[in-house]
Amino acid sequence: MHHAFLSCTKLVLDFRANAGRVSTNSDSIDVKLNDLHHNLSQSRNNFLPEKRDFDRIARYVIAYNYLIDVKKRVVEPGRSVKDWMEAQDSRLQDFELLQKHSTSY
């Protein structure tokens, strides 16, 4: 499980380099989904999100939905987030955000 944790901790920091790797390991998917679920829960905060928080929250939403689709076998493990995103409703597409947080686009 330690390997699973290490392989998934940077998913939201670099979609292209890490999402494919995380999506091929079921333990990594479960760890990351739990982490994202916790990070998306704003009820634990005693303050309103600031503008700078929205970018991070959007990354979490994209990563969460991508991994849920992998887990449900809607998308094959290892498929790029960009390819997955192209098939999504426009409300779940943000290619500028994806490019901003990817080492290679």
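Read the figures in this text as sums done on the coordinates, not as results from a lab. As the structure is a prediction and not an experimental result, all values here were calculated from the model. Neighbour counts are summed over all protein chains in view; Cβ atoms, including those assigned to glycine, are modelled from backbone coordinates with ideal geometry.
Among the listed pairs Lys32/Lys71; Lys51/Lys72; Lys51/Lys71, a Cα-Cα separation exceeding 23 Å is found for Lys51/Lys72; Lys51/Lys71.
Straightening the chain between Glu96 and Ser26 buys 22.4 nm, computed as 0.36 nm per residue apart minus the Cα-Cα spacing. With 0.36 nm allotted per residue and the present C-alpha distance subtracted, the Asp83-Asn45 stretch has 10.3 nm of extension available. Here Lys100 is the anchor, and the aspartates and glutamates within straight C-alpha reach of less than 18 Å, apart from those fewer than 8 places off in the same chain, are Asp14, Asp53, Asp55, Asp83, Glu86.
When you filter the trypsin sites (Lys or Arg not before Pro) in the stretch 47-89 for DSSP loop state and at most 11 other Cβ atoms inside 10 Å of their Cβ, you are left with Lys72, Arg73.
With the convex hull of its Cα atoms as the shape, the stretch 46-105 has an orientation-averaged projected area of 5.1 nm².
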